[in-house]
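Enquirer: Take a look at the following structure, please.
The values are calculated or read from the model by the stated rules, or taken from the named source; none is laboratory data. It should be emphasised that the depicted structure is a prediction, and the values quoted were computed from it without experimental measurement. Cβ placement follows ideal geometry from the backbone for every residue including glycine, while neighbour counts extend to all protein chains displayed. These area figures cover heavy atoms from the full protein model, side chains too; ligands, DNA and RNA do not enter into them. Shrake-Rupley method; radii C 1.70, N 1.55, O 1.52, S 1.80 Å.
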Amino acid sequence: SLCGYTFPVPELACPARPEGMMEDMPKVVMCGSPRCGKTSISKVVFQKLSPHESMFLENGLTRMETFSVCHNHLLRLRLVDFPGAILCDENVSLHQNDAAIFGGGDCVVVLVIDAQEESYATSISRAKKVIEFALKRNSKLTFDVLIHKVDGAKFYSEDRKVECQTIIHDKLTEELADKVQECSINFHCTSIYDHSIFEAFSKIVQKLIPEKVLLEQCLQSLLDSTRMEKVYLFDVVSKLYLASDRQPVDLQWYELCADMVDLVIDIACIYGNGLEENKDAACEFYLQNGFVLILKEVGHCLAIVCVFKSDDNFDKQELLDHNIEVFKEALGRICQQRYLPK
């Protein structure tokens, strides 16, 4: 048991998803004007493209591109890159064939706005157009606006980023006031040159994980049982955190934990065959500020990263190992339940 929760030990690993169910995978639909950076985002986050290499990508999609992300039993989705040229031409309207991408199960629409633009009026108008069209096809959609490219000299301080976000938030809300009654929109300031894009996409993919609340309960119980400061459940391939405890997420701690995941994977690849052949991967980092980061593998391409204060709380290694094993059992059971017939 883990603080009141009892989970039977899974007898088998989680089964692979049947091919017939691939079409039912949740979707992330990315929309934005040409050169806004949406293709770079998808390739940096999910295809391990170096941010600097994104400058050499071909400009302007002419057709819709779709690829599947199947890293583990929790992170399974289809990413749809919607051509910006369709939104750019005011004489071209979104047609019925485009409506299919917004239906058929859970879906999050990501609207990318280039923060380097002189005026945001055109991008906001196009975002409004997509929101109105999409909601007519699927009223349960949620939207995330990425105010992208908040880097360089123009955004020399956090205040400049907040100011830009406030302008876009207020303008888009005003545009939609008379057209849309209820609409869930979240706003994020992002850049591919830091961890902000990974934090934003972590929050986006969490919407598509039905077990998110249960995972948070398990992580909170793990934290309470071992007196951690913070704990994240990471997809080690993309460095997205799929869940965390109920404490507010601090971007600086997330950055450190994500960098730890990166380093462990690099070392595993140099001295072994990556995490595929290291089923019980573990690592400890001791920081100069008196904190300790601990990484433990808990599933296929899944790992938890725990933040401890380096004091008496960290001396009880056996207690920590026991509670992590209980969490692994719970996680395995959660994964199994996902694939049981409904």
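Enquirer: Restricting to segment 150-179, give me the number of residues that are more than 22 Å from residue 40 (Cα to Cα) and in a helix (DSSP H, G or I).
Expert: Selection size over segment 150-179: 15.
Enquirer: Of the residues in segment 173-197, how many are of a type in the set (D, E, K, R) and under 30 Å from residue 239 (Cβ atoms)?
Expert: So the first thing to find is which residues in segment 173-197 are of a type in the set (D, E, K, R), and the list is 174-175, 178-179, 182, 194.
Cutting the leftovers down to under 30 Å from residue 239 (Cβ atoms) gives us 194.
Qualifying residue count, segment 173-197: 1.
Enquirer: Right, another one. Take segment 313-332 and flag every residue that is under 14 Å from residue 221 (Cβ atoms) and either at pLDDT 90 or above or open to solvent by less than 20 Å² (accessible area, probe 1.4 Å) (or both).
Expert: 320, 322, 323, 324, 325, 326, 327, 328, 329, 330, 331, listed by residue number.
Enquirer: Something else about it: Being open to solvent by 10 Å² or more (accessible area, probe 1.4 Å) and over 28 Å from residue 165 (Cα atoms) is the filter here, so list the residues in segment 191-220 that pass it.
Expert: Scanning segment 191-220 gives 210, 211, 213, 214, 216, 217, 220.
Enquirer: Sticking with this structure for a sec: Starting from residues that are at pLDDT below 80 and out of contact with any helix residue (DSSP H, G or I) (no Cβ under 6 Å at 6 or more places or on another chain), keep the ones in segment 238-277 and report whichever is least open to solvent (accessible area, probe 1.4 Å).
Expert: Let us first name the residues in segment 238-277 that are at pLDDT below 80, namely 268-277.
Filter once more, keeping what is out of contact with any helix residue (DSSP H, G or I) (no Cβ under 6 Å at 6 or more places or on another chain): 269-273, 276-277.
Values: 269: 78, 270: 122, 271: 190, 272: 32, 273: 115, 276: 89, 277: 125 Å².
Among those that are at pLDDT below 80 and out of contact with any helix residue (DSSP H, G or I) (no Cβ under 6 Å at 6 or more places or on another chain), it is 272.
Enquirer: Oh, and also: Consider residue 310 against the criteria (1) under 18 Å from residue 260 (Cα atoms); (2) at pLDDT 85 or above: it satisfies all of them except one. Which criterion is unmet?
Expert: Only one criterion in (1) under 18 Å from residue 260 (Cα atoms); (2) at pLDDT 85 or above is unmet by residue 310, namely (2).
Enquirer: Scanning for something touching a residue at least 40 places away in the same chain (Cβ under 8 Å) and at positive phi, does segment 146-157 turn up at least one residue?
Expert: Yes: one or more hits.
Enquirer: Would you mind telling me which numbered condition in (1) modelled with pLDDT under 90; (2) surrounded by 18 or more Cβ atoms within 10 Å (Cβ to Cβ); (3) not in a helix (DSSP H, G or I) residue 147 fails?
Expert: Of the numbered conditions (1) modelled with pLDDT under 90; (2) surrounded by 18 or more Cβ atoms within 10 Å (Cβ to Cβ); (3) not in a helix (DSSP H, G or I), the odd one out for residue 147 is (1).
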